[in-house]
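Here is the structure we will look at.
The values are calculated or read from the model by the stated rules, or taken from the named source; none is laboratory data. Keep in mind that this is a model prediction, so the values were computed, not measured. Positions of Cβ are generated from backbone atoms using ideal geometry, with glycine treated the same way; all protein chains shown enter the neighbour counts. SASA here: full protein model, heavy atoms, side chains in, ligands and nucleic acids out. Shrake-Rupley method; radii C 1.70, N 1.55, O 1.52, S 1.80 Å.
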Amino acid sequence: AADSWGAARAGGGAGGGAVWRVAAGWAVGRARNRDGGGAALGAMLVCGSLPFVVATGFFATPDAPLLAFWAGTLYFLERAILGERRRAWLGAGVCLGLALLSKYTVVLLVPSVVLFLAFDRRSRTTLGRPDPYLATVLALLIFMPVLFWNADNDWISFAFQSTRRMGTAAGNSLPPLLAFAILPLTPPGLLL
């Protein structure tokens, strides 16, 4: 990953450079591990051209550290699962725990990984090893202060992010979600 940090060092603006570099560093490292230098360059170009990635560093939102640690989690998961480096599970656990401190939605990555491990024949044996479970415990230990605080405060932040938010967000529906997801893939969306 150290080489990928250096490769990503060239991009980013004054305020958003650090977050962009961290996220791009993890993405470049993961692409290089799987497909070599050409894919690594492509990953860096994609990270640098996505407005969301670049913009996260310019605004004080939880999305900036979430993006960085989500990319780190994916990097270490690739090393652990596809690269078969068992110690990489520790990095995945640390990054997942730090991503959870940023924004709770990263928890959706966990069932995705479990489903992949369950359905990928080559990776299925990983579920019989202690490594993914130790990574989960490590992530929970990092996230533990948030759990303790919420336990003392009637689970207020979890309620805000789940039932309360769903109950008050009358404008949320599937058609606008699909429109916002598909728009960037259309020619006008790319031009914007």
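Computed over protein heavy atoms with a 1.4 Å probe, the accessible surface of the range 74-147 works out to 56 Å² per residue. Take every Cα pair under 8 Å whose residues are at least 6 apart in sequence, average their separation, divide by the length of the range 60-172, and the relative contact order is 26 percent.
If the segment from Leu45 to Ala179 were pulled out straight at 0.36 nm per residue, it would be longer than the present Cα-Cα gap by 45.7 nm.
Using a simple spin-label model with pseudo-atoms 7 Å out from Cα toward Cβ, Asn153 and Ala18 lie 2.3 nm apart. Here the range 70-152 exposes an accessible surface that is 70 percent carbon and sulfur, computed with a 1.4 Å probe and the other protein chains kept in place.
Are there any trypsin sites (Lys or Arg not before Pro) in the range 77-123 that are in a DSSP loop and have at most 11 other Cβ atoms within 10 Å? List them by number.
Arg87, Arg121, Arg122
Derived scalar couplings between HN and Hα for the range 106-123 equal 5, 4, 5, 5, 4, x, 4, 5, 4, 4, 4, 5, 6, 9, 8, 4, 5, 8 Hz in order, rounded to whole Hz, by the Karplus curve 6.51 cos²θ - 1.76 cosθ + 1.60 (θ = phi - 60°), x for Gly and Pro.
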